[in-house]
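Novice: Pasting a structure below so you can have a look.
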Protein chains: 4
Amino acid sequence: MTIDLNADLGEGFGVWRLADDDALLGVVTSANVACGFHAGDPVTMQRVCAVAAERGVAIGAQVSYRDLAGFGRRRIDMPASELAADVLYQLGALDAFARAAGSRVRYVKPHGALYAAVTEDPVQAGAVLDAVRRFDPALPVLGLPGSEIAAAAAAAGVPFTAEAFVDRAYRPDGRLVPRGEDGAVITDPGAAAARARRLALTGRVEAVDGSSLAITPGSLCVHGDTPGAVELAAAVREALTGAGVALEPFAG
Amino acid sequence: MTIDLNADLGEGFGVWRLADDDALLGVVTSANVACGFHAGDPVTMQRVCAVAAERGVAIGAQVSYRDLAGFGRRRIDMPASELAADVLYQLGALDAFARAAGSRVRYVKPHGALYAAVTEDPVQAGAVLDAVRRFDPALPVLGLPGSEIAAAAAAAGVPFTAEAFVDRAYRPDGRLVPRGEDGAVITDPGAAAARARRLALTGRVEAVDGSSLAITPGSLCVHGDTPGAVELAAAVREALTGAGVALEPFAG
Amino acid sequence: MTIDLNADLGEGFGVWRLADDDALLGVVTSANVACGFHAGDPVTMQRVCAVAAERGVAIGAQVSYRDLAGFGRRRIDMPASELAADVLYQLGALDAFARAAGSRVRYVKPHGALYAAVTEDPVQAGAVLDAVRRFDPALPVLGLPGSEIAAAAAAAGVPFTAEAFVDRAYRPDGRLVPRGEDGAVITDPGAAAARARRLALTGRVEAVDGSSLAITPGSLCVHGDTPGAVELAAAVREALTGAGVALEPFAG
Amino acid sequence: MTIDLNADLGEGFGVWRLADDDALLGVVTSANVACGFHAGDPVTMQRVCAVAAERGVAIGAQVSYRDLAGFGRRRIDMPASELAADVLYQLGALDAFARAAGSRVRYVKPHGALYAAVTEDPVQAGAVLDAVRRFDPALPVLGLPGSEIAAAAAAAGVPFTAEAFVDRAYRPDGRLVPRGEDGAVITDPGAAAARARRLALTGRVEAVDGSSLAITPGSLCVHGDTPGAVELAAAVREALTGAGVALEPFAG
C-alpha cells in the first residue's frame, strides 16, 4: 500500500521566503514547484529542483495566474488562449530546471485561484489542459476529484490523479471550506495525521457536517506556508508509515 | 555557398507590437525570439514559434535581462548565478512553444545590454554559457566574433557561430559603432544589401575608417524594429540569392 | 455651450507606443493618462503630463488593475482593500508628474476591465471611490451614467461627470455593445462627428435598436488607439466647434 | 541633544514579509518606506504609513531601481532621465499614502544599489536629486556624508542630512565595508548601542583599522531585515535615551 504526499514549494521570490523548503523536501514525495508567475524566481526554482531531484522527490509544475502582487490568489478573467499560453510558458521554464537537475516535470497542479477556477470552470480547465496536452499528453494533472479539470482530462485522455487535503475541512459536496471560514484549516498535527491515515487506508474523510466523503486519493496535500507546517507534515508522514503505508511519488 | 539571415522577432508584449513579425518570417532563416524578460509575452512567443516552424525558420532564444521597462537595453550588475538561472528559465519557456510547434530551440542569442555584456565581460559571458551548457551543450551560441562569449564557448566546447550586422557600422576593432553616434545605423536598403553580399562572398566588411574587417560570419543580422526593416531585409535576401548565395538556417 | 473631449493617452510602456499622444493632445481637452499598472512607464507619464500642461489639457488618472500583460482588459477578482490601495498608489504617482509640470490630477477615470467592473459591481466601484475620497474628495470621477460608481459617488458626495462614447455603439439600456460584436466600434469620422454633435446639442444618442438614449454627457470620449483615431478625433472637434460648441476641460 | 533613528520598513511584497514593521515602528523615529520598485506593495505602503503617522514616525521615501527580483540590490545602468522619472513616480505614490494617513513624505533615502550609486556616481546622484527637486525642493535627502549626492544637494540648494550606520563596519575612507566581507555587519546589540551612543555624543565612529571617523550624523540607521533587528534597534534606542539623547525625526 502506497500513497504520495505533496506540498507547495519554492514559493518565495528574490529575497523573500515563504515555507521552509529544505525541511519539507525531507518529508514530501512530490513538490509542487512555483514557476515564476505567482512566486518562484529562477534561482529558487533551480535550488528546489536540485534538492528535489537529489532526494527523489517528484517535481510538479505549480502553474498560476501572472500575479506576484496577489500571490495568484485572485481570479483573472482571461481568454482561454492566453491562459493556455501562460501555462505552457511556465511548464517549459520549470522543466529546464528539472532537467538540469537530472529529472523532469512529472505532473501539473494549478495554484490558488487557478486551482479554484479549474475546479469549477470548464473553460479555464480546458485551457490548462490544452497547455498540458501540448507540452506532454502523458503528463498527469493533480486536482480535486469531481472537478471540471478531472472531466476535461478524462475527455482528452490525459492522466488525472485525485488529491485530498489533510489539513483542510471539506464541505459535504467534496469542495473545500473556504479559507476565511471557521475551521477551514486544520492546524493540529494529530488531527491532520489521523485524517491522512484514514484517507490512505479507507479512501474516506469526514466532512464538516459529519458525513463521510469517498475520495480515494492518489496523493495527500499538506500546506507548507503555515506556522508549524513542517511538524504537521512530519506527523502525517509518520502516521502513514506507522500504518504500513509506503510513501512514494504518484507520478513518474 | 550558403548563409543564414537572422532578425529579432516577437518583441512585442501584450497589446504592444514592435516589428512586423509575419513579414520578417517570410524573409529570414533564423528568428531570435524574445523570451518574456525584455519583451515577448507567451501568446506572442507561441504565435511566432508556430509561424517559424511552419516556414522552416530556425527558432533561437533571444535571452535578456529581466527588464520590460527598459527593453533589456540597460546593463544590470547581477551575480553570475542569478543571470545563469534567468537565462535557463527563458530557454525552457521558449523551448516549450518551439516543441509545441513541432520544432525546438536551435540556438541562443543574448539581447541588447546582455549582448554587449557577454561581448566584453567574461563573468556575464560565463553565466550565459553556463545556462546554455546545462540546457543543452550542443546548442550553438550566436554572437560577435572575438567576443568574450566566443572565447567562453570555445573553452567549454559549446558551438559558437559568428554573426555580422548588415545594417550597423563597425569600428576598426570589430565592435559596433554605438547607436547614438552618427552613421551607426545603415538604413539604405541598397547599402545594406551590398554589405551583405560582400560579407557572404568575401567574409569582409568595411569599417568606419575605411579599413577592411575579416568576419567570415555564419549568419547575417538584420534589425526588425526600424522603419523600412522589412524592405531592407528583403533587399538583403534578394542581393544574396542574386549572387548565388543560398539562405538557410545556420543551426539545426 | 461647452463640452469636454477626452481620450486615453500615455498608453505605451518603455519602447512600446500605442496612440499618437502628441497629435491627440492637440485635439482633446482632457487626457486620461495611464498610471503604470496597465500601461504608462514613468518617462511616458512625465512627457504626456508636460505636453498636456503646456497646452491646457486637463490631466486625468486612468487607473487600472495591475496587468501589463493583459493591458488591464482582464477582470481581477481582488479584495476591495487591495484595489483601493492600488488606485491610491496610481493617483499619487501620476500627481507627482502633473505637479512637476505645473498642473495636477484633475479627475479619475478607470480603465478597461476596471471601467466595466465599476459600472456593474458596487464593491469594486466602492473601492475606487474610497481611494479617490482619501486622495481628494473634490476630485471628480468620469464614468458611465447610471453606473454603480455614479451611485457610489453620489452617496459619498464625490463629484461625478457622465461621459458618452462617440465611437462606440450603445445598447438600449445605455451600456456599450461589447467590443467583439458587430458594429460595436464606429470608425467612420463623419458618423462619429454627427453623433458627437447630437450628443453635445441634445444630450441624446441613438442605440443599436434605433431607440434614443438620454445621456447629457459632460464629456465625450474618443478612442486613441485605433487606426485613424487622430482623424476621427479631429473630425469630432471640428463638428463640435462648427456647431458652436466650445471645447474645454470638464474638471479643474 | 537629539538625534534621529531610521530603518527600512515596508519591504515586503504581497504575501511576503521581511522585517517586523510594527515592532520597528515602536522604536525608530524615521521610517524609510519602500515604494513598490524593490519592495512595497500598495497595501503594505498604506499600512506602514498609517502606523507611522499615528506614532509620530516620519515617513521617508526609500526609492529604488525597478527590481523586485533583485530587491534593488543590482546596479542598473539607466539613463539619468529614466532614473529621475522612476524616482519621481515613487515619491508621488508614497506621498499619496502618507497624506491619506494625515502626514506626508518628509525625506528621501535611496535604497540598495541606488544608495551605492548616488554615493559614487555624480550622474545617478544628479538624477535622483533632479526628481527630488521637481517633487519638492525643500525635501531633505538622507545619505552618506561626503557622497556625490551630498555634493549635488549642496549645489542645488536641497537640504542634505548625513546618516551613520550603527550596525555596519566602516572603512577608513568613510565608506561601508561591503556586505560580503568579514565583520561587515555588527549583530551584537551591545556593540551597536555603544557605537550609537558615541556617534550621537561625539559625532565619531571607529573604522575597521582602528582610526576614528568624524561623521556628525543627523540620523542613525539600524537595519530591520536581520535576525534580532528589533532587539538591536531597541538596545540602540535605550542606550541613546539613557545617555540623555532625545530621539526625534530629523525632518519635518
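The values are calculated or read from the model by the stated rules, or taken from the named source; none is laboratory data. Bear in mind that the values here come from a model prediction, so they are computed numbers and not experimental data. Heads up, the Cβs are rebuilt from the backbone with ideal geometry, glycines too, and the neighbour counts pull from every protein chain shown. Just so you know, the surface numbers come from the protein's heavy atoms only, side chains and all, with ligands and any DNA or RNA stripped out. Shrake-Rupley method; radii C 1.70, N 1.55, O 1.52, S 1.80 Å.
Novice: Scan the stretch B:235-252 for residues that are open to solvent by 50 Å² or more (accessible area, probe 1.4 Å), in a helix (DSSP H, G or I) and in contact (Cβ under 8 Å) with a residue 60 or more places away in the chain and report the count.
Specialist: Of the residues in that region, 1 qualify.
Novice: Still on this model: Does D:V123 satisfy the criteria of being over 14 Å from the mean Cα position of the chain (by Cα), within 23 Å of D:F250 (Cβ to Cβ) and open to solvent by 10 Å² or more (accessible area, probe 1.4 Å)?
Specialist: No, not satisfied.
Novice: Quick one: C:L139 ticks every box in (1) part of a helix (DSSP H, G or I); (2) more than 19 Å from C:G36 (Cα to Cα) bar one, so which box is it?
Specialist: Every condition holds for C:L139 apart from (1).
Novice: Out of B:V87, B:V158, I need the residue that is within 21 Å of B:D67 (Cβ to Cβ) and among the hydrophobic types (A, V, I, L, M, F, W, C). Which one?
Specialist: Sole residue among the options that is within 21 Å of B:D67 (Cβ to Cβ) and among the hydrophobic types (A, V, I, L, M, F, W, C): B:V87.
Novice: Is it true that some residue in the stretch B:201-214 is under 16 Å from the mean Cα position of the chain (by Cα), modelled with pLDDT of 95 or more and not hydroxyl-bearing (S, T, Y)?
Specialist: Looking through the stretch B:201-214, none of the residues is under 16 Å from the mean Cα position of the chain (by Cα), modelled with pLDDT of 95 or more and not hydroxyl-bearing (S, T, Y).
Novice: Do we find a residue being small (G, A, S) and in contact with a Pro (Cβ under 7 Å, 6 or more places away or on another chain) anywhere in the stretch C:97-107?
Specialist: No, the stretch C:97-107 contains no residue that is small (G, A, S) and in contact with a Pro (Cβ under 7 Å, 6 or more places away or on another chain).
Novice: Quickly run through the stretch C:80-102 and pick out the residues that are in contact with a Cys (Cβ under 7 Å, 6 or more places away or on another chain) and open to solvent by less than 30 Å² (accessible area, probe 1.4 Å).
Specialist: C:Q90, C:A93, C:L94, C:F97, C:A98
Novice: Another question about this same structure. For the stretch A:15-36, which residues satisfy the criterion of being open to solvent by 10 Å² or more (accessible area, probe 1.4 Å) and in contact with a helix residue (DSSP H, G or I) (Cβ under 8 Å, 6 or more places away or on another chain)?
Specialist: Residues satisfying the conditions are A:A19, A:D20, A:D21, A:D22, A:A23, A:G26, A:V27, A:G36.
Novice: Looking at the structure I just gave you, is C:Q124 assigned to a helix (DSSP H, G or I), away from chain D (no Cβ under 12 Å) and modelled with pLDDT of 95 or more?
Specialist: Yes; evaluated as a whole, the condition is true for this residue.
Novice: If C:T119 satisfies all but one of (1) polar (S, T, N, Q); (2) more than 23 Å from C:S30 (Cα to Cα); (3) away from chain D (no Cβ under 14 Å), what's the number of the condition it fails?
Specialist: Answer for C:T119: the failing condition is (2).
Novice: From the list C:G40, C:G12, C:G56, pick out the single residue that is closer than 30 Å to C:E238 by Cα, open to solvent by 30 Å² or more (accessible area, probe 1.4 Å), modelled with pLDDT of 95 or more and not hydroxyl-bearing (S, T, Y).
Specialist: One residue alone meets the criteria, C:G56.
Novice: Related question: Tell me, which strands (runs of 3 or more DSSP E) lie completely within the stretch D:168-228 with 3 or more residues that are open to solvent by less than 30 Å² (accessible area, probe 1.4 Å)?
Specialist: D:219-221
Novice: Here's another thing I want to ask about it. Considering only the stretch A:85-112, how many residues are over 20 Å from B:V43 (Cβ atoms) and more than 14 Å from chain B (Cβ to nearest Cβ)?
Specialist: Of the residues in that region, 5 qualify.
Novice: In the stretch A:103-110, is there at least one residue being in contact with a Cys (Cβ under 8 Å, 6 or more places away or on another chain), touching a residue at least 24 places away in the same chain (Cβ under 8 Å) and either surrounded by fewer than 24 Cβ atoms within 10 Å (Cβ to Cβ) or farther than 25 Å from A:R195 by Cα (or both)?
Specialist: Yes, there is a match, as at least one residue in the stretch A:103-110 is in contact with a Cys (Cβ under 8 Å, 6 or more places away or on another chain), touching a residue at least 24 places away in the same chain (Cβ under 8 Å) and either surrounded by fewer than 24 Cβ atoms within 10 Å (Cβ to Cβ) or farther than 25 Å from A:R195 by Cα (or both).
Novice: Then there is this: Take the conditions of a type outside the set (D, E), at pLDDT 95 or above, open to solvent by 50 Å² or more (accessible area, probe 1.4 Å) and at positive phi and apply them to C:G157. Does it pass?
Specialist: It is true that C:G157 is of a type outside the set (D, E), at pLDDT 95 or above, open to solvent by 50 Å² or more (accessible area, probe 1.4 Å) and at positive phi.
Novice: Within 12 Å of chain C (Cβ to nearest Cβ), more than 15 Å from the chain's Cα centre (by Cα) and charged (D, E, K, R), is that true of D:E82?
Specialist: yes
Novice: Considering only the stretch C:85-105, state which residues are touching a Leu at 6+ places or on another chain (Cβ under 9 Å) and farther than 18 Å from C:L142 by Cβ.
Specialist: Once the filter is applied, which keeps residues that are touching a Leu at 6+ places or on another chain (Cβ under 9 Å) and farther than 18 Å from C:L142 by Cβ, the stretch C:85-105 yields C:Y89, C:G92, C:A93, C:A96, C:F97, C:A100.
Novice: Residue by residue through the stretch B:34-71, note down the ones that are away from chain A (no Cβ under 12 Å) and basic (K, R).
Specialist: Once the filter is applied, which keeps residues that are away from chain A (no Cβ under 12 Å) and basic (K, R), the stretch B:34-71 yields only B:R55.
Novice: Now a separate question. Only one of (1) of a type in the set (F, W, Y); (2) touching a helix residue (DSSP H, G or I) at 6+ places or on another chain (Cβ under 6 Å); (3) in contact (Cβ under 8 Å) with a residue 24 or more places away in the chain is not met by A:F160, so which one is it?
Specialist: Just one mismatch for A:F160, condition (3).
Novice: Condition test on C:D77, is it within 14 Å of chain D (Cβ to nearest Cβ), over 17 Å from the mean Cα position of the chain (by Cα) and either modelled with pLDDT under 95 or open to solvent by 30 Å² or more (accessible area, probe 1.4 Å) (or both)?
Specialist: In short, no.
Novice: Failed condition for B:R17, given (1) farther than 27 Å from B:A243 by Cβ; (2) touching a strand residue (DSSP E or B) at 6+ places or on another chain (Cβ under 8 Å); (3) touching a residue at least 12 places away in the same chain (Cβ under 8 Å), with all others met?
Specialist: The number of the failed condition is (3).
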